[in-house]
1. When you look at Phe553, is it modelled with pLDDT of 85 or more, crowded, with 16+ Cβ neighbours inside 10 Å and more than 51 Å from the chain's Cα centre (by Cα), yes or no?
2. Does at least one position in the range 602-622 carry a residue that is outside any helix (DSSP H, G or I), at pLDDT 85 or above and small (Gly, Ala, Ser)?
3. What is the number of the single condition among (1) under 30 Å from Gln128 (Cβ atoms); (2) of a type in the set (S, T, N, Q); (3) modelled with pLDDT of 75 or more that Thr547 does not meet?
4. With the range 197-270 as the region, which helices (runs of 4 or more DSSP H) entirely inside it contain at least 1 residues that are in contact with a strand residue (DSSP E or B) (Cβ under 7 Å, 6 or more places away or on another chain)?
5. Of all residues in the range 478-513, which are within 23 Å of Ser114 (Cα to Cα), β-branched (Val, Ile, Thr) and open to solvent by 30 Å² or more (accessible area, probe 1.4 Å)?
6. If you go through the range 140-185 one residue at a time, how many are closer than 19 Å to His241 by Cα, in a strand (DSSP E or B) and without any contact (Cβ under 8 Å) to a residue 12 or more places away in the chain?
7. Give me a count of the residues in the range 514-532 that are open to solvent by 50 Å² or more (accessible area, probe 1.4 Å), in a helix (DSSP H, G or I), within 30 Å of Tyr597 (Cα to Cα) and not polar (S, T, N, Q).
8. Looking at the range 350-381, which of its residues are among the β-branched types (Val, Ile, Thr), open to solvent by 60 Å² or more (accessible area, probe 1.4 Å) and either touching a residue at least 60 places away in the same chain (Cβ under 8 Å) or in contact with an Asp or Glu (Cβ under 7 Å, 6 or more places away or on another chain) (or both)?
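The values are calculated or read from the model by the stated rules, or taken from the named source; none is laboratory data. Quick caveat: nothing in here was measured; it's all calculated off a predicted structure. Don't worry about glycine lacking a Cβ; one is built from the backbone with ideal geometry, like all the others, and counts go over all protein chains shown. Each accessible area value is taken on the protein alone, full model and side chains, heavy atoms only, with ligands, DNA and RNA left out. Shrake-Rupley method; radii C 1.70, N 1.55, O 1.52, S 1.80 Å.
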Amino acid sequence: MQCTYCGRDIPDDAVWCPYCGAEQTPPDETTPPDGWQDENIPVGDWDDEADPPPDNTWVDDPPVPGWEDDTPYEPAPEDQDAPRSKALLIAIFAALGVALIVLLLVAQSFCELSLPAYTSRIVDTGIQGGGIESATPLVLTDKTMDGVRLFLSDEDAQTVSDAYTYDNGIWTLGDTARQPELEPVFIRPLVMYARLSEQGANTVLALRQQMQGGLITHDEILARGEEALSGMGTLTDSVLHSAAVQFLKTEYAVAGLNVNHIRNSYLLRTGGKMLLLTLGMIAAAVLCNYVGARMSAAIGRDLRAQVFRKVLSFSSAEMDKFSTASLITRTTNDVTQIQAVCVLIVRVVLYAPVIGLGGIIMVARTKTGLGWIIALAVAAMLLLVGVLMKIAMPQFRTMQQRVDDVNLVSREVLTGLPVIRAFHRERYEEERFDTASAALMKTQLFVNRTMAFMGPVMTLIMYGVTVMIEWFGAKSINAGNMQIGDMIAFSTYASLIIMAFMMITIVAVLLPRAEVSATRVDEILRARASVRDPRSPEPAPADATVTFDHVSFRYPGAEDDVLHDISFTARPGEVTAIVGSTGCGKSTLLNLIPRFYDATGGTVSIGGVYGACTLDPGIRQADKLLYQAKESRNKCITAAFSAEEAEKPKPNQESDKL
């Protein structure tokens, strides 16, 4: 089908035109009654409640360009191809923008989650371990190698002999790539030798001599080694690795290696990697913020344009329904709220789950046994947010209504300032404004005080988690189940997880207000104009006659008619006076001629054209009306009075009369 506004081809089930944004209304398939087949009756637009025109054509939107011509507007093929290509390019760029943001957030999360692991390595390996990463020794003295072989099986001893070369009393590892392979072979015998050496310099030597003399067996030597290890408490892999590295620091110094150089090289190498990750994280965050800001600004721009275009198509009925003050608030404040939430969605809602899930995965890999602390903190935060949202959510809706009230009073005061001064109503208007402003202030204070409670409680939860991690982590370190670096990494991951949930709670604070704003904006975009223009209106002749035929009108929501069964004809060259008391419906009757409202009963015709007025739609949508006399004939040609002055038409010349 074709768009009822721009005439371009769109899908049959389209609700909105992808080119101009106009709302599409399906045609009503009502069969015309008898009597409408007269070819002499020109066809204009028709009210929903009235009988349809002969061709069953219903047009909901303002006329398209070229409406002055009798022929329907037919866009050229190139006019259709250009918007389609533009829409396709916009969709492609939008998809690329979202994909780029996701990739940047993933890169930023990867960098941020990698930093705590490097911090743990610097503490455990760089500082405590002197830069020694593996428990497989690079070099060993002859004495140490002989002592370690006592605790090796024959197969493992042969493997070690094949991997090391002997030169001048020093055993050197031939291929450093075999360190991970040899570490399970070396780590436990090396710690046994270190523990027995602490009991006495000749303890291991005596055991070797006894085994060579046949006094003890190899199994008994292994039992002595296990007995020495039992004094270390719970033997985890980290405890064994730490004990082996501490022994190797002394052994490397005895073998002639520069231990300080090994430590400094490791610290510089690891610190350089952390610096690169930090720079990458900063670059990803800056790019993500830039792309997100551009995208949200574009969303706000397009949304304001759609709302503005829709408001231009409203008749006085829709203006009365929403009110001018509310339309101003919805076009400005509500769209700004939606735009702000779009930034948070791009920057926080997509980022927080990635960083939170990644932090949970990294915490599970630390194997500290303290994951229950994070689970307790997350449950407490979710409970807090749920309670606060339950209390504050209704007040967000009320707050937007209070903003409408303040705008309404302000606009009425500014518009009617001369009348207010003339009747000395300044005090009354000040009280009205104070009442509306005080109501908004009370609502804002309640919401802000409720949400202010969240910050201190979140901080209390975060520091409580830190204290619990330090307390239970210290006990694990004392028991030999955890290293200091592991506790530091776990604490950092816990902070990242909690911060991720705190970011989500920040969005939860702003999301209810944005949800209210989105609903209010959507009401405008989905509103159907009660006054609809024909696609090809027929211009009335210069000597057109205005005819009211049994016209009745009732305002939306009213119980009684304002006008009932009105019939008269205003002919060219004659003065038609509409006389009556205040509130009798003079202005209402006048508004039916330019179709500010459509009659609820009867017909209003200009020059014999029913339901069509040749007023320029842009002028009529500005809600103005001008009466001008030309060659002693009354003729409705444009609209030039404001809604506030509708009760009293203002002629351009002194000789004009209505």
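1. no
2. The answer is yes, given that some residue of the range 602-622 is outside any helix (DSSP H, G or I), at pLDDT 85 or above and small (Gly, Ala, Ser).
3. It is condition (1) that Thr547 fails.
4. Qualifying helices (runs of 4 or more DSSP H): 237-255.
5. Those that are within 23 Å of Ser114 (Cα to Cα), β-branched (Val, Ile, Thr) and open to solvent by 30 Å² or more (accessible area, probe 1.4 Å): Ile484, Ile488, Thr492, Ile504.
6. 0
7. 3
8. Ile360
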